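Just so you know, all these numbers are worked out from the coordinates, no wet-lab data involved. Worth saying up front: this structure is predicted, and the values here are computed from it rather than measured. All Cβ positions, glycine included, derive from the backbone under ideal geometry; neighbour counts span all protein chains shown.
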Amino acid sequence: MPAIDVPAIRHQFPALAITEGGRPVAFFDGPGGTQVPQRVIDAMTRYLRTMNANHGGRFLTSERSDAMLAHAHELVADFLGAHVDEVKFGANMTTLNFTLSRSIGATLGPGDEVVVTRLDHEANVGPWEALARERDVVVRRVDIREEDCTLDLDSLREAIGPRTRHVAVGYASNAVGTINPVAEIVAIAHDAGATVSVDAVAYAPHAPIDVRELGCDFLLCSAYKFYGPHVGILFGRRELLDALPAFKVRPAEDRWETGTQNHEGIAGTAAAIEYLVELGERFGTPFADGLSRYGGRRLALKAAMTAIRATEMELFTRLMDRLDAVPGIRTWGIRDRARFDERCPTIAFRVGSQSPAETAAALGRRGLFTWDGDYYATGLMERLGLADSGGAVRVGLVHYNSADEVDRLGEALADLAR
Ligand SMILES: Cc1ncc(COP(=O)(O)O)c(C=O)c1O
């Protein structure tokens, strides 16, 4: 039995009822963006109906709006295990990371070094490369172990040296699902005197995050990957957010949240986290023992994400069994079931000599929504030698996917392979 009663939660997500040609569609595109529960949609329309206003006005709607914003910061702080002042909203992870890299970059000089990885999404690489071009900063790239698409920690130790000022690493790969040993990487980087930012976009929908346990200095994620709307989130340690040069206009109170934020999106983000709190209260009890260091809403959130992790990985094993039964399929990422705790339920594959675009289109015609190409994991696809031939098909599971959907996908792939 999965930890979460999947049929019971699916009805909360209106998009899961979409049909095409009389058949229900199946969303395996979670790593590209997840669907939202009805309460997220309601919160966004409620914002626009009852509190739509700019920040700081001396009247009802502005006061309501500011109260909503304060509450949303508290919810995200609980989601990440951070202090409320350490949470900043923005357009998306990429834009926030450009802001962060520009800010850190203003403290760097020629010859200083930043470390990135070949496993990462371009949003966690490109901003640092742009900095290198502008400020003569050296960017070093950590390699992967090709056989299982994990980060090569020897390569990481070699890349980090006395000139390293910052390390930008992903929590999980959006392409092949690998979870990186972030706490260990943070310790290595801190020993060298470098700060660390973690791209948690591909990890946040799947498992609990605790920035204090990781010890990281910054962490970024995007609400649209964890059942919310299109909003980016930055966590930064308070003393660093206060000390780093910020790019703000004079009257603005906040040094990081520039201009007027996407208030209705932030209202939706708060509702997505409230959905997770409720999930934790409903299905999280069996996991509470291992989470005794948390209380209240933080406990509910950690329990929810632990229940999600258990549910997803059970389904992922079924998915891998189905994929393994397809003749001529080739997968990238950790395949050894005994090591599934090192991965998220996201897998990249190719079917025989079919181009990934062809496979994804054929699946799409059957109402099975997957992705193909490089999904901005461009460095990884180059490293795997797949960049010039269409990358790979990507299937990602989230907690609302069902065993029936996975079986349908398995049958469709077996059919395409014939
Ligand atoms: C791992 C990872 N990092 C960063 C991003 C970029 O996020 P955003 O679309 O919020 O800029 C994505 C988006 O797919 C991603 O999967």
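Suppose R0 equals 35 Å. What FRET efficiency, 1/(1 + (r/R0)^6) with r the Cβ-Cβ distance, do ASP210 and MET1 give to the nearest 0.05?
0.80
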Quiz item: By DSSP, what percent of the beta bridges with both residues in the chain are antiparallel, rounded to the nearest 5?
Solution: 55
Practice problem: Kindly provide the trypsin sites (Lys or Arg not before Pro) of segment 244-292 that DSSP labels as loop, not H, G, I, E or B, and whose Cβ sees at most 10 other Cβ atoms within 10 Å. | Solution: none
Quiz item: Just SER101, SER292, SER173 to compare: in a GNM of the chain, with alpha carbon springs under 10 Å, which one fluctuates most?
Solution: SER292
Practice problem: Could you calculate the contour length gain from ASP407 to ALA361, that is, 0.36 nm times the residue separation minus the distance between their Cα atoms, to one decimal place in nm? | Solution: 14.7 nm
Exercise. Identify which of THR99, THR346, THR269 has the largest mean-square fluctuation in a Gaussian network model of the chain, with springs joining Cα atoms closer than 10 Å.
Key: THR99
Quiz item: Under a point spin-label approximation (7 Å from Cα along Cα-to-Cβ), what is the HIS190-HIS230 distance to one decimal in nm?
Solution: 3.7
Self-check item: Mean projection area, nm², convex hull over Cα of the chain
Solution: 20.7
Quiz prompt | Alpha carbon centroid spacing (whole Å) that separates segment 270-311 from segment 126-179 | solution = 32
Practice problem: Would you mind pulling out the separation of the Cα centroids of segment 330-375 and segment 1-75, in Å? | Solution: 28
Exercise. Rounding to the nearest 20 debye, state how big the charge dipole of the chain is about its Cα centre with +1 on each Lys and Arg Cβ and -1 on each Asp and Glu Cβ.
Key: 620
Quiz item: For segment 96-125 and segment 181-242, what is the separation of their Cα centres, given in Å?
Solution: 14
Self-check item: Cα-centred dipole magnitude for segment 41-273, charges only on beta-carbon of K, R (+1) and D, E (-1), debye, nearest 20
Solution: 780
Practice problem: May I ask you to list the residues of segment 126-153 whose amide nitrogen lies under 11 Å from a point 7 Å from Cα along the Cα→beta-carbon direction of ALA338? | Solution: none
Quiz prompt | Sequence-distant aspartates and glutamates (8 or more away, or on other chains) whose Cα lies within less than 13 Å of LYS225 | solution = ASP29, ASP199
Quiz item: Do any chymotrypsin sites (Phe, Trp or Tyr not before Pro) in segment 215-273 lie in a DSSP loop with no more than 12 other beta carbon atoms within 10 Å, and if so, which?
Solution: PHE247
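Taking Cα pairs under 8 Å and at least six residues apart, what relative contact order does segment 41-273 come out at, in percent? Let's see the in-between values first.
On the way: 440 pairs, mean separation 58.9, N = 233.
Taking the mean separation of contacting Cα pairs over the length of segment 41-273, I get 25 percent.
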Quiz item: Toward the positive end of the charge dipole of the chain, about the Cα centre and with charges on Cβ (Lys, Arg +1; Asp, Glu -1), which of VAL231, TYR47, GLY396 goes farthest?
Solution: TYR47
Quiz item: Is any residue of segment 185-203 close enough, with backbone N under 11 Å, to a label point placed 7 angstrom from the Cα of ALA243 along the Cα-Cβ axis, and if so, which?
Solution: 195
Quiz prompt | Relative contact order, percent, the chain [alpha-carbon distance under 8 Å, six or more residues apart] | solution = 22
Quiz item: Quick one: if you stick a label point 7 Å off each Cα along the C-beta vector at GLU281 and ASN54, how many nm between them?
Solution: 3.7
Quiz item: According to a simple spin-label model (label point 7 Å from Cα along Cα-to-Cβ), what is the distance in nm between GLU134 and THR61?
Solution: 3.6
Quiz item: What does the helix-only formula give at 222 nm for the chain: each DSSP H stretch with n ≥ 4 adding -39500 (n - 2.57), the total divided by the residues, and the result rounded to the nearest 500 deg cm²/dmol?
Solution: -12500 deg cm²/dmol
Practice problem: Starting from the Cα-Cα distance between HIS83 and ARG418, subtract it from 0.36 nm times their residue separation and give me the gain in nm to one decimal. | Solution: 115.2 nm
Self-check item: lysines with Cα under 22 Å of LYS248, excluding same-chain neighbours fewer than 8 positions away
Solution: LYS88
Exercise. Return the percentage of antiparallel bridges among DSSP beta bridges fully within segment 41-273, rounded to the nearest 5 %.
Key: 45
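Is there a quick way to get the dipole size of segment 18-101? I mean about its Cα centre, with the Cβ of Lys and Arg at +1 and of Asp and Glu at -1; what is the value in debye to the nearest 20?
320
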Self-check item: Sparse-neighbourhood loop sites, chymotrypsin sites (Phe, Trp or Tyr not before Pro) in segment 15-85 - DSSP loop, at most 10 other Cβ within 10 angstrom
Solution: PHE59
